[in-house]
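The values are calculated or read from the model by the stated rules, or taken from the named source; none is laboratory data. Predicted, not measured: the structure shown is a model, and the values here were computed from it. As a convention, Cβ positions derive from the backbone with ideal geometry for all residues, glycine included, and neighbour counts pool all protein chains shown. We work out accessible area using only protein heavy atoms, side chains counted, and drop any ligands, DNA or RNA first. Shrake-Rupley method; radii C 1.70, N 1.55, O 1.52, S 1.80 Å.
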Amino acid sequence: MSDAISFDTFKLAINGWLEDASGSFAVVNPATEAVIAQAPDCSAEQLDKAVAAARKAFRSWKVVPLAERAEMLRAAAARLTEYLEPLTALLTYEHGKPLADARAEIQNAARWFNAFADIDLPVERRPEPNGRVAEIRRVPVGVVGAIAPWNFPVSLAAWKLAPALLAGNTVVLKPSPFTPLTTLKIGELLLDLFPAGVLNTIAGSDHLGPLMSGHPDIDKIAFTGSTATGKAVMRGAAGTLKRLTLELGGNDPAIVLPDADVDAVAERLFWGAFANAGQICVAAKRVYVHDSIYDRFAAKMAELARNNPPAPGDAAGTRIGPVQNRQQFERVKAMIEEARNTGLRLISDPGAMTGPGYFIAPTIVDNPPEDAPVVKEEPFGPLLPLLRYTDIADAIARANDSEYGLASSVWSADPDKAAEVGRQLEAGTVWINTILGITPSLPFGGHKQSGIGVENSEAGLHEYTNLQVIIR
Ligand code: NAD
(Lines give C-alpha, C1' and ligand atoms only; values in the text may rest on other atoms or scores of the structure.)
Protein backbone atom coordinates (compact mmCIF):
# COMPACT_ATOMS: atom_id res chain seq x y z
CA MET A 1 0.00 0.00 0.00
CA SER A 2 1.34 3.39 -0.88
CA ASP A 3 2.39 5.83 1.81
CA ALA A 4 0.25 8.43 0.05
CA ILE A 5 -2.78 7.60 2.20
CA SER A 6 -4.07 10.85 3.63
CA PHE A 7 -5.63 10.83 7.05
CA ASP A 8 -7.28 14.21 6.36
CA THR A 9 -9.62 13.34 3.49
CA PHE A 10 -12.42 10.81 3.62
CA LYS A 11 -14.15 9.14 0.69
CA LEU A 12 -16.64 6.41 0.01
CA ALA A 13 -15.21 3.12 -1.30
CA ILE A 14 -17.57 1.73 -3.94
CA ASN A 15 -16.84 -0.99 -6.50
CA GLY A 16 -13.09 -0.76 -5.98
CA TRP A 17 -12.90 3.03 -6.32
CA LEU A 18 -12.85 5.95 -3.93
CA GLU A 19 -15.46 8.57 -4.56
CA ASP A 20 -16.81 11.80 -3.14
CA ALA A 21 -20.46 12.52 -2.47
CA SER A 22 -22.37 15.61 -3.44
CA GLY A 23 -23.33 16.23 0.19
CA SER A 24 -21.37 16.04 3.40
CA PHE A 25 -21.90 16.12 7.14
CA ALA A 26 -19.77 17.40 9.99
CA VAL A 27 -17.84 15.16 12.37
CA VAL A 28 -17.15 16.58 15.84
CA ASN A 29 -14.34 15.85 18.29
CA PRO A 30 -16.23 15.17 21.54
CA ALA A 31 -13.31 16.38 23.68
CA THR A 32 -13.38 19.87 22.15
CA GLU A 33 -16.72 20.09 20.28
CA ALA A 34 -14.74 21.33 17.26
CA VAL A 35 -15.70 20.14 13.79
CA ILE A 36 -12.75 18.03 12.68
CA ALA A 37 -13.85 16.87 9.24
CA GLN A 38 -16.63 16.71 6.70
CA ALA A 39 -17.64 13.16 5.87
CA PRO A 40 -19.16 12.30 2.48
CA ASP A 41 -22.93 11.81 2.72
CA CYS A 42 -23.63 8.82 0.48
CA SER A 43 -26.67 9.47 -1.72
CA ALA A 44 -29.45 6.97 -2.44
CA GLU A 45 -27.99 6.57 -5.96
CA GLN A 46 -24.54 5.84 -4.54
CA LEU A 47 -26.04 3.25 -2.19
CA ASP A 48 -27.73 1.61 -5.20
CA LYS A 49 -24.40 1.64 -6.99
CA ALA A 50 -22.64 0.02 -4.01
CA VAL A 51 -25.31 -2.66 -3.71
CA ALA A 52 -25.22 -3.34 -7.47
CA ALA A 53 -21.42 -3.65 -7.31
CA ALA A 54 -21.72 -6.04 -4.36
CA ARG A 55 -24.36 -8.08 -6.21
CA LYS A 56 -22.14 -8.37 -9.30
CA ALA A 57 -19.04 -9.23 -7.25
CA PHE A 58 -20.98 -11.89 -5.32
CA ARG A 59 -21.15 -14.13 -8.41
CA SER A 60 -17.40 -14.62 -8.52
CA TRP A 61 -16.56 -14.09 -4.81
CA LYS A 62 -18.78 -16.93 -3.63
CA VAL A 63 -16.82 -19.45 -5.72
CA VAL A 64 -13.38 -18.30 -4.55
CA PRO A 65 -12.06 -21.18 -2.41
CA LEU A 66 -12.55 -20.56 1.30
CA ALA A 67 -8.81 -20.85 1.95
CA GLU A 68 -8.17 -17.99 -0.48
CA ARG A 69 -10.80 -15.82 1.12
CA ALA A 70 -9.19 -16.61 4.49
CA GLU A 71 -5.83 -15.42 3.14
CA MET A 72 -7.41 -12.10 2.17
CA LEU A 73 -8.75 -11.72 5.71
CA ARG A 74 -5.23 -12.27 7.03
CA ALA A 75 -3.95 -9.63 4.65
CA ALA A 76 -6.65 -7.27 5.96
CA ALA A 77 -5.47 -7.93 9.52
CA ALA A 78 -1.89 -7.20 8.48
CA ARG A 79 -2.96 -3.95 6.78
CA LEU A 80 -4.74 -2.76 9.93
CA THR A 81 -1.65 -3.60 11.96
CA GLU A 82 0.57 -1.73 9.50
CA TYR A 83 -1.55 1.41 9.98
CA LEU A 84 -2.18 0.85 13.69
CA GLU A 85 -0.87 4.18 14.95
CA PRO A 86 -2.56 6.59 12.49
CA LEU A 87 -5.82 4.64 12.82
CA THR A 88 -5.53 4.79 16.63
CA ALA A 89 -5.05 8.56 16.56
CA LEU A 90 -7.96 9.02 14.16
CA LEU A 91 -10.28 6.86 16.27
CA THR A 92 -9.49 8.82 19.42
CA TYR A 93 -9.93 12.08 17.51
CA GLU A 94 -13.44 11.28 16.31
CA HIS A 95 -14.64 9.07 19.18
CA GLY A 96 -12.99 10.54 22.25
CA LYS A 97 -11.84 7.26 23.80
CA PRO A 98 -8.35 7.05 25.37
CA LEU A 99 -5.54 6.25 22.95
CA ALA A 100 -4.81 2.92 24.65
CA ASP A 101 -8.44 1.86 24.17
CA ALA A 102 -8.48 3.03 20.55
CA ARG A 103 -5.28 1.07 19.89
CA ALA A 104 -6.78 -2.03 21.51
CA GLU A 105 -9.87 -1.63 19.35
CA ILE A 106 -7.89 -1.59 16.09
CA GLN A 107 -5.83 -4.53 17.33
CA ASN A 108 -9.02 -6.40 18.17
CA ALA A 109 -10.34 -5.83 14.67
CA ALA A 110 -7.16 -7.41 13.29
CA ARG A 111 -7.52 -10.24 15.80
CA TRP A 112 -11.07 -10.92 14.60
CA PHE A 113 -9.97 -11.06 10.94
CA ASN A 114 -7.25 -13.56 11.83
CA ALA A 115 -9.51 -15.63 14.06
CA PHE A 116 -12.21 -16.06 11.41
CA ALA A 117 -9.56 -16.92 8.85
CA ASP A 118 -8.94 -20.08 10.92
CA ILE A 119 -12.56 -21.28 10.84
CA ASP A 120 -13.70 -23.80 8.26
CA LEU A 121 -17.13 -24.40 6.74
CA PRO A 122 -16.95 -28.12 6.05
CA VAL A 123 -19.60 -29.94 4.02
CA GLU A 124 -21.37 -32.60 6.08
CA ARG A 125 -22.15 -35.86 4.22
CA ARG A 126 -24.75 -38.07 5.80
CA PRO A 127 -26.05 -41.46 4.60
CA GLU A 128 -29.83 -41.53 4.59
CA PRO A 129 -31.92 -44.61 5.52
CA ASN A 130 -33.20 -44.86 1.94
CA GLY A 131 -29.69 -45.42 0.62
CA ARG A 132 -29.23 -41.88 -0.62
CA VAL A 133 -26.58 -39.49 0.61
CA ALA A 134 -27.35 -36.00 1.93
CA GLU A 135 -24.75 -33.32 1.43
CA ILE A 136 -25.33 -30.46 3.84
CA ARG A 137 -23.56 -27.28 2.76
CA ARG A 138 -23.43 -23.76 4.06
CA VAL A 139 -23.67 -21.32 1.19
CA PRO A 140 -23.31 -17.54 1.48
CA VAL A 141 -26.44 -15.44 1.83
CA GLY A 142 -25.50 -12.81 -0.79
CA VAL A 143 -25.14 -9.07 -0.23
CA VAL A 144 -24.78 -8.13 3.44
CA GLY A 145 -25.55 -4.66 4.75
CA ALA A 146 -23.40 -4.18 7.86
CA ILE A 147 -24.51 -1.33 10.14
CA ALA A 148 -22.35 -0.35 13.13
CA PRO A 149 -22.90 1.93 16.15
CA TRP A 150 -20.58 4.64 17.42
CA ASN A 151 -19.35 3.08 20.66
CA PHE A 152 -16.91 0.60 19.04
CA PRO A 153 -17.05 1.62 15.39
CA VAL A 154 -14.08 -0.43 14.24
CA SER A 155 -14.28 -3.65 16.21
CA LEU A 156 -18.03 -4.03 15.72
CA ALA A 157 -17.54 -3.54 11.98
CA ALA A 158 -14.84 -6.23 12.00
CA TRP A 159 -17.19 -8.64 13.82
CA LYS A 160 -19.41 -8.41 10.73
CA LEU A 161 -16.89 -8.08 7.90
CA ALA A 162 -14.74 -11.06 8.88
CA PRO A 163 -17.46 -13.75 8.94
CA ALA A 164 -19.46 -12.22 6.09
CA LEU A 165 -16.48 -12.14 3.73
CA LEU A 166 -15.09 -15.50 4.81
CA ALA A 167 -18.42 -17.19 4.11
CA GLY A 168 -18.44 -15.76 0.57
CA ASN A 169 -20.79 -12.80 0.95
CA THR A 170 -20.13 -9.33 -0.35
CA VAL A 171 -20.62 -6.35 1.95
CA VAL A 172 -21.82 -2.78 2.08
CA LEU A 173 -20.57 -1.38 5.39
CA LYS A 174 -22.01 1.70 7.07
CA PRO A 175 -20.64 3.26 10.29
CA SER A 176 -22.61 5.60 12.56
CA PRO A 177 -22.70 9.23 11.38
CA PHE A 178 -21.12 10.14 14.74
CA THR A 179 -17.97 8.10 13.99
CA PRO A 180 -17.55 7.56 10.24
CA LEU A 181 -13.92 8.56 9.73
CA THR A 182 -11.89 5.57 10.91
CA THR A 183 -14.25 3.17 9.14
CA LEU A 184 -14.01 5.11 5.86
CA LYS A 185 -10.23 5.14 6.18
CA ILE A 186 -10.19 1.38 6.79
CA GLY A 187 -12.43 0.90 3.73
CA GLU A 188 -9.83 2.82 1.75
CA LEU A 189 -6.88 0.90 3.24
CA LEU A 190 -8.47 -2.47 2.40
CA LEU A 191 -9.58 -1.46 -1.09
CA ASP A 192 -6.82 -3.20 -3.04
CA LEU A 193 -6.98 -6.42 -1.00
CA PHE A 194 -10.36 -7.63 -2.23
CA PRO A 195 -11.80 -7.85 -5.75
CA ALA A 196 -13.82 -4.77 -6.76
CA GLY A 197 -17.28 -4.68 -5.22
CA VAL A 198 -16.60 -7.28 -2.52
CA LEU A 199 -16.24 -4.68 0.24
CA ASN A 200 -17.94 -1.30 -0.18
CA THR A 201 -17.67 1.25 2.61
CA ILE A 202 -20.13 4.11 2.71
CA ALA A 203 -21.14 6.71 5.27
CA GLY A 204 -24.13 8.95 5.51
CA SER A 205 -26.43 10.97 7.65
CA ASP A 206 -29.64 9.62 9.16
CA HIS A 207 -31.29 8.88 5.81
CA LEU A 208 -28.87 6.07 4.93
CA GLY A 209 -29.61 3.33 7.52
CA PRO A 210 -33.32 3.05 6.68
CA LEU A 211 -32.45 2.95 2.96
CA MET A 212 -30.19 -0.01 3.67
CA SER A 213 -32.63 -2.00 5.80
CA GLY A 214 -35.34 -1.51 3.17
CA HIS A 215 -33.10 -2.03 0.13
CA PRO A 216 -34.61 -4.64 -2.19
CA ASP A 217 -31.26 -6.07 -3.25
CA ILE A 218 -29.60 -6.52 0.17
CA ASP A 219 -30.07 -10.07 1.46
CA LYS A 220 -29.03 -9.70 5.08
CA ILE A 221 -28.60 -6.91 7.59
CA ALA A 222 -26.04 -7.39 10.35
CA PHE A 223 -26.82 -4.64 12.81
CA THR A 224 -25.45 -3.46 16.14
CA GLY A 225 -27.19 -0.60 17.86
CA SER A 226 -30.08 0.26 20.12
CA THR A 227 -33.14 -1.93 20.59
CA ALA A 228 -35.42 0.80 19.22
CA THR A 229 -33.41 1.06 16.00
CA GLY A 230 -33.17 -2.73 15.80
CA LYS A 231 -36.94 -2.86 15.65
CA ALA A 232 -36.94 -0.27 12.85
CA VAL A 233 -34.37 -2.36 10.98
CA MET A 234 -36.55 -5.43 11.39
CA ARG A 235 -39.58 -3.59 10.01
CA GLY A 236 -37.57 -2.31 7.05
CA ALA A 237 -36.12 -5.75 6.39
CA ALA A 238 -39.52 -7.46 6.36
CA GLY A 239 -40.30 -6.29 2.81
CA THR A 240 -37.79 -8.67 1.26
CA LEU A 241 -37.54 -11.07 4.20
CA LYS A 242 -33.90 -10.25 4.80
CA ARG A 243 -31.84 -12.39 7.13
CA LEU A 244 -31.05 -10.49 10.31
CA THR A 245 -28.50 -10.51 13.05
CA LEU A 246 -29.41 -7.89 15.63
CA GLU A 247 -27.05 -7.05 18.50
CA LEU A 248 -29.00 -4.57 20.58
CA GLY A 249 -29.05 -2.81 23.91
CA GLY A 250 -28.40 -4.24 27.35
CA ASN A 251 -29.04 -3.29 30.95
CA ASP A 252 -26.58 -5.74 32.39
CA PRO A 253 -26.81 -6.68 36.07
CA ALA A 254 -23.82 -7.57 38.24
CA ILE A 255 -24.49 -9.43 41.50
CA VAL A 256 -21.88 -9.23 44.25
CA LEU A 257 -22.25 -12.02 46.84
CA PRO A 258 -21.46 -11.33 50.53
CA ASP A 259 -18.20 -13.33 50.48
CA ALA A 260 -16.66 -11.26 47.64
CA ASP A 261 -13.34 -9.43 48.08
CA VAL A 262 -14.83 -5.92 48.35
CA ASP A 263 -11.90 -3.80 47.17
CA ALA A 264 -10.88 -6.06 44.30
CA VAL A 265 -14.42 -6.57 43.00
CA ALA A 266 -15.30 -2.88 43.36
CA GLU A 267 -12.29 -2.05 41.22
CA ARG A 268 -13.17 -4.63 38.54
CA LEU A 269 -16.76 -3.46 38.45
CA PHE A 270 -15.79 0.22 38.41
CA TRP A 271 -13.96 -0.40 35.14
CA GLY A 272 -16.66 -2.83 34.01
CA ALA A 273 -19.09 0.08 34.33
CA PHE A 274 -17.02 3.12 33.33
CA ALA A 275 -14.57 1.91 30.65
CA ASN A 276 -15.31 3.62 27.32
CA ALA A 277 -17.16 6.23 29.45
CA GLY A 278 -19.83 3.62 30.18
CA GLN A 279 -20.71 3.28 26.49
CA ILE A 280 -20.43 -0.48 26.22
CA CYS A 281 -23.38 -2.72 25.47
CA VAL A 282 -22.10 -5.26 28.03
CA ALA A 283 -20.96 -2.77 30.68
CA ALA A 284 -22.21 -3.38 34.23
CA LYS A 285 -25.29 -1.17 34.31
CA ARG A 286 -26.93 -2.24 37.59
CA VAL A 287 -24.75 -3.47 40.45
CA TYR A 288 -26.54 -5.48 43.16
CA VAL A 289 -24.38 -5.61 46.31
CA HIS A 290 -25.20 -7.63 49.41
CA ASP A 291 -26.28 -5.45 52.32
CA SER A 292 -23.47 -6.74 54.58
CA ILE A 293 -20.75 -5.27 52.30
CA TYR A 294 -22.70 -2.50 50.55
CA ASP A 295 -21.27 0.48 52.48
CA ARG A 296 -17.64 -0.60 52.09
CA PHE A 297 -18.27 -1.36 48.41
CA ALA A 298 -19.89 2.04 47.83
CA ALA A 299 -17.00 3.83 49.57
CA LYS A 300 -14.45 2.07 47.35
CA MET A 301 -16.43 2.91 44.21
CA ALA A 302 -16.64 6.58 45.29
CA GLU A 303 -12.86 6.67 45.82
CA LEU A 304 -12.28 5.21 42.34
CA ALA A 305 -14.66 7.79 40.83
CA ARG A 306 -12.77 10.63 42.56
CA ASN A 307 -9.44 9.30 41.32
CA ASN A 308 -10.51 8.84 37.71
CA PRO A 309 -11.93 12.10 36.35
CA PRO A 310 -12.63 12.19 32.61
CA ALA A 311 -10.06 13.82 30.34
CA PRO A 312 -9.33 14.12 26.60
CA GLY A 313 -8.51 10.74 25.10
CA ASP A 314 -5.19 11.96 23.72
CA ALA A 315 -3.94 13.30 27.09
CA ALA A 316 -1.36 11.17 28.87
CA GLY A 317 -2.81 8.80 31.43
CA THR A 318 -6.49 9.25 30.46
CA ARG A 319 -8.61 6.21 31.24
CA ILE A 320 -12.07 7.78 30.84
CA GLY A 321 -12.73 10.05 27.87
CA PRO A 322 -15.73 12.25 27.07
CA VAL A 323 -19.15 10.92 26.17
CA GLN A 324 -19.10 10.39 22.42
CA ASN A 325 -21.69 12.84 21.13
CA ARG A 326 -23.92 15.71 22.20
CA GLN A 327 -27.12 13.69 21.97
CA GLN A 328 -25.79 11.07 24.37
CA PHE A 329 -24.25 13.76 26.61
CA GLU A 330 -27.64 15.48 26.94
CA ARG A 331 -29.38 12.17 27.59
CA VAL A 332 -27.02 11.13 30.40
CA LYS A 333 -27.06 14.63 31.91
CA ALA A 334 -30.87 14.55 31.91
CA MET A 335 -30.86 11.17 33.68
CA ILE A 336 -28.47 12.56 36.32
CA GLU A 337 -30.68 15.65 36.75
CA GLU A 338 -33.70 13.40 37.09
CA ALA A 339 -31.97 11.39 39.81
CA ARG A 340 -31.03 14.58 41.66
CA ASN A 341 -34.51 16.05 41.31
CA THR A 342 -36.18 12.95 42.70
CA GLY A 343 -34.02 13.14 45.82
CA LEU A 344 -31.67 10.28 45.09
CA ARG A 345 -28.24 10.48 46.71
CA LEU A 346 -25.21 10.48 44.43
CA ILE A 347 -22.29 8.56 45.90
CA SER A 348 -20.13 10.43 43.42
CA ASP A 349 -21.47 13.61 41.90
CA PRO A 350 -20.27 14.88 38.49
CA GLY A 351 -20.80 18.58 39.27
CA ALA A 352 -21.91 21.05 36.61
CA MET A 353 -20.99 19.27 33.31
CA THR A 354 -20.75 22.53 31.36
CA GLY A 355 -17.99 21.70 28.87
CA PRO A 356 -16.39 22.47 26.51
CA GLY A 357 -16.29 18.80 25.61
CA TYR A 358 -18.85 16.19 26.59
CA PHE A 359 -17.22 15.32 29.90
CA ILE A 360 -19.16 13.62 32.69
CA ALA A 361 -17.32 12.28 35.72
CA PRO A 362 -18.23 8.74 36.84
CA THR A 363 -21.57 9.14 38.58
CA ILE A 364 -22.87 6.56 41.07
CA VAL A 365 -26.40 6.57 42.47
CA ASP A 366 -27.01 5.25 45.99
CA ASN A 367 -29.61 2.49 46.09
CA PRO A 368 -32.35 3.97 43.88
CA PRO A 369 -35.73 2.23 43.72
CA GLU A 370 -36.06 -0.50 41.08
CA ASP A 371 -38.50 1.60 39.05
CA ALA A 372 -36.19 4.65 38.81
CA PRO A 373 -35.21 5.43 35.19
CA VAL A 374 -31.53 5.06 36.12
CA VAL A 375 -32.25 1.40 36.94
CA LYS A 376 -34.86 0.60 34.29
CA GLU A 377 -33.19 2.25 31.29
CA GLU A 378 -29.78 1.81 29.70
CA PRO A 379 -27.99 5.14 30.42
CA PHE A 380 -25.14 4.24 28.01
CA GLY A 381 -22.81 6.68 29.72
CA PRO A 382 -20.85 7.14 32.97
CA LEU A 383 -23.86 6.66 35.24
CA LEU A 384 -24.34 3.62 37.47
CA PRO A 385 -26.87 2.63 40.14
CA LEU A 386 -25.63 0.61 43.14
CA LEU A 387 -28.45 -1.47 44.61
CA ARG A 388 -28.71 -3.20 47.99
CA TYR A 389 -30.06 -6.70 48.42
CA THR A 390 -30.33 -9.09 51.36
CA ASP A 391 -31.83 -12.19 49.77
CA ILE A 392 -30.13 -13.72 46.72
CA ALA A 393 -33.44 -14.94 45.25
CA ASP A 394 -34.65 -11.34 45.36
CA ALA A 395 -31.45 -10.11 43.68
CA ILE A 396 -31.85 -12.69 40.90
CA ALA A 397 -35.50 -11.73 40.37
CA ARG A 398 -34.61 -8.03 40.19
CA ALA A 399 -31.70 -8.73 37.86
CA ASN A 400 -34.02 -10.64 35.52
CA ASP A 401 -36.78 -8.04 35.68
CA SER A 402 -35.74 -6.36 32.44
CA GLU A 403 -36.73 -6.42 28.80
CA TYR A 404 -33.02 -6.82 28.07
CA GLY A 405 -30.91 -9.99 28.36
CA LEU A 406 -27.47 -9.25 26.96
CA ALA A 407 -24.84 -10.06 29.61
CA SER A 408 -24.43 -10.25 33.37
CA SER A 409 -21.82 -11.05 35.97
CA VAL A 410 -21.67 -12.70 39.39
CA TRP A 411 -18.87 -12.11 41.89
CA SER A 412 -17.92 -14.38 44.81
CA ALA A 413 -15.01 -16.06 46.57
CA ASP A 414 -16.72 -19.32 45.60
CA PRO A 415 -16.93 -19.60 41.79
CA ASP A 416 -19.24 -22.64 41.97
CA LYS A 417 -21.73 -20.76 44.09
CA ALA A 418 -21.49 -17.81 41.73
CA ALA A 419 -22.02 -20.06 38.70
CA GLU A 420 -25.11 -21.50 40.35
CA VAL A 421 -26.49 -17.96 40.60
CA GLY A 422 -25.32 -17.21 37.06
CA ARG A 423 -27.29 -20.14 35.61
CA GLN A 424 -30.46 -18.47 36.85
CA LEU A 425 -29.82 -15.21 35.00
CA GLU A 426 -31.58 -14.45 31.72
CA ALA A 427 -28.69 -13.30 29.54
CA GLY A 428 -26.69 -14.47 26.54
CA THR A 429 -23.38 -14.16 28.40
CA VAL A 430 -22.82 -14.71 32.13
CA TRP A 431 -19.38 -13.89 33.51
CA ILE A 432 -18.21 -15.33 36.83
CA ASN A 433 -15.64 -13.11 38.59
CA THR A 434 -14.86 -11.29 35.38
CA ILE A 435 -16.53 -8.91 32.94
CA LEU A 436 -16.23 -7.49 29.39
CA GLY A 437 -14.12 -10.34 28.03
CA ILE A 438 -15.50 -11.09 24.56
CA THR A 439 -13.50 -13.38 22.31
CA PRO A 440 -13.89 -14.35 18.64
CA SER A 441 -14.19 -18.01 19.62
CA LEU A 442 -17.38 -17.84 21.71
CA PRO A 443 -20.92 -17.10 20.51
CA PHE A 444 -22.13 -13.69 21.65
CA GLY A 445 -25.74 -12.55 21.48
CA GLY A 446 -28.67 -11.23 23.44
CA HIS A 447 -31.72 -12.88 24.93
CA LYS A 448 -35.08 -11.13 25.07
CA GLN A 449 -34.98 -7.66 23.47
CA SER A 450 -31.18 -7.56 23.43
CA GLY A 451 -31.07 -9.17 20.05
CA ILE A 452 -31.63 -11.93 17.57
CA GLY A 453 -28.89 -14.34 16.57
CA VAL A 454 -25.26 -14.36 17.61
CA GLU A 455 -21.96 -12.99 16.43
CA ASN A 456 -18.51 -14.60 16.71
CA SER A 457 -17.44 -18.27 16.66
CA GLU A 458 -18.69 -20.92 14.20
CA ALA A 459 -22.24 -20.09 15.27
CA GLY A 460 -21.72 -16.45 14.29
CA LEU A 461 -20.16 -17.48 10.97
CA HIS A 462 -23.16 -19.72 10.25
CA GLU A 463 -25.42 -16.66 10.45
CA TYR A 464 -23.83 -15.47 7.20
CA THR A 465 -24.86 -18.67 5.42
CA ASN A 466 -27.96 -20.45 4.22
CA LEU A 467 -28.12 -24.20 4.68
CA GLN A 468 -28.35 -26.11 1.44
CA VAL A 469 -29.09 -29.84 1.36
CA ILE A 470 -28.20 -31.81 -1.74
CA ILE A 471 -29.73 -35.29 -1.74
CA ARG A 472 -28.29 -37.72 -4.21
P1 NAD B 1 -28.32 3.44 17.08
O2 NAD B 1 -29.34 2.36 17.10
O3 NAD B 1 -28.74 4.84 17.24
O4 NAD B 1 -27.52 3.40 15.70
C5 NAD B 1 -26.82 2.25 15.25
C6 NAD B 1 -26.62 2.35 13.76
O7 NAD B 1 -27.88 2.26 13.09
C8 NAD B 1 -25.99 3.64 13.26
O9 NAD B 1 -25.10 3.32 12.22
C10 NAD B 1 -27.19 4.41 12.73
O11 NAD B 1 -26.84 5.35 11.75
C12 NAD B 1 -28.02 3.31 12.14
N13 NAD B 1 -29.45 3.58 12.02
C14 NAD B 1 -30.19 4.51 12.64
N15 NAD B 1 -31.49 4.39 12.29
C16 NAD B 1 -31.56 3.35 11.42
C17 NAD B 1 -32.62 2.70 10.72
N18 NAD B 1 -33.89 3.11 10.85
N19 NAD B 1 -32.33 1.64 9.94
C20 NAD B 1 -31.07 1.20 9.83
N21 NAD B 1 -30.02 1.77 10.47
C22 NAD B 1 -30.27 2.83 11.25
O23 NAD B 1 -27.27 2.99 18.17
P24 NAD B 1 -26.03 3.79 18.74
O25 NAD B 1 -26.55 4.92 19.56
O26 NAD B 1 -25.06 4.06 17.62
O27 NAD B 1 -25.36 2.70 19.68
C28 NAD B 1 -25.70 2.55 21.03
C29 NAD B 1 -26.59 1.34 21.23
O30 NAD B 1 -26.01 0.19 20.65
C31 NAD B 1 -26.79 0.99 22.70
O32 NAD B 1 -28.14 0.65 22.95
C33 NAD B 1 -25.91 -0.24 22.90
O34 NAD B 1 -26.30 -1.08 23.98
C35 NAD B 1 -26.05 -0.90 21.58
N36 NAD B 1 -24.94 -1.80 21.34
C37 NAD B 1 -25.17 -3.14 21.33
C38 NAD B 1 -24.12 -4.03 21.15
C39 NAD B 1 -24.34 -5.52 21.13
O40 NAD B 1 -23.46 -6.22 20.67
N41 NAD B 1 -25.46 -6.02 21.58
C42 NAD B 1 -22.83 -3.53 20.98
C43 NAD B 1 -22.63 -2.15 21.00
C44 NAD B 1 -23.69 -1.30 21.18
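Grab the DSSP H runs of the chain that are 4 residues or longer, score each as -39,500 (n - 2.57), total them, divide by all residues and round the 222 nm result to the nearest 500 deg cm²/dmol.
-12000 deg cm²/dmol
Only Lys, Arg, Asp and Glu count, each charged at its Cβ (+1, +1, -1, -1), so figure out the dipole size of the stretch 209-322 about its Cα centre, rounded to 20 debye.
480
What shape does the stretch 61-146 have by the C-alpha gyration tensor, where a ≥ b ≥ c are the square roots of the eigenvalues, rounded means a/c under 1.5, and otherwise prolate means a/b greater than b/c and oblate the rest?
prolate
Any idea what the alpha-carbon Rg over 2.2 N^0.38 Å comes to for the stretch 253-439? Write down the numbers at each step before the final one.
Numbers: Rg = 15.5 Å, N = 187, 2.2 N^0.38 = 16.1 Å.
Working it through for the stretch 253-439, the quotient is 0.97.
Let's see if you can work this out: charge +1 on each Lys and Arg Cβ, -1 on each Asp and Glu Cβ, no other charges. What is the dipole magnitude of the stretch 9-80 about its Cα centre, in debye to the nearest 20?
500
Please list the radius of gyration and Dmax for the chain, considering alpha-carbon atoms only, with Å as the unit.
Spelled out, the Cα radius of gyration and Dmax of the chain are 22.8, 76 Å.
Charges only on Cβ, +1 for Lys and Arg, -1 for Asp and Glu: so what's the dipole of the chain about the Cα centre, in debye to the nearest 20?
Dipole magnitude for the chain comes out near 1240 debye.
Quick one: helix 44-61 against the long Cα principal axis of the chain, what's the angle to the nearest 10°, folded into 0 to 90?
Result, in degrees: 60.
Explain nothing, just compute: Karplus ³J(HN,Hα) = 6.51 cos²θ - 1.76 cosθ + 1.60, θ = phi - 60°, for every residue of the stretch 192-199 in order, whole Hz, x for Gly and Pro.
Calculated HN-Hα couplings, in order: 7, 8, 10, x, 3, x, 5, 10 Hz.
What is the Cα centroid distance between the stretch 397-472 and the stretch 258-305, reported in whole angstrom?
21
I'd like the accessible area for Val430, computed on protein heavy atoms only with a 1.4 Å probe and all protein chains in place. Round to 10 Å², please.
50
Rounded to the nearest 10 Å², what accessible area does Glu458 show when all protein chains are kept and the probe is 1.4 Å?
For Glu458, the solvent-accessible surface is approximately 100 Å².
In the neighborhood of Trp61, defined by Cβ-to-Cβ distances under 13 Å, what is the net charge if each Lys or Arg adds +1 and each Asp or Glu adds -1?
Neighbourhood net charge equals +4.
Taking every DSSP beta bridge with both residues inside the chain, roughly what % is antiparallel (nearest 5)?
45
Picking from Gln468, Gly405, Pro177, whose Cα lies most toward the positive end of the charge dipole for the chain (charges on Cβ: Lys, Arg +1; Asp, Glu -1)?
Gln468
Tell me the Rg and the Dmax, in Å, that the Cα atoms of the stretch 158-281 produce.
Computed over the Cα atoms of the stretch 158-281, radius of gyration and Dmax are 18.5, 58 Å.
Asp120 accessible area, nearest 10 Å², 1.4 Å probe?
Probe radius 1.4 Å; accessible area of Asp120 about 90 Å².
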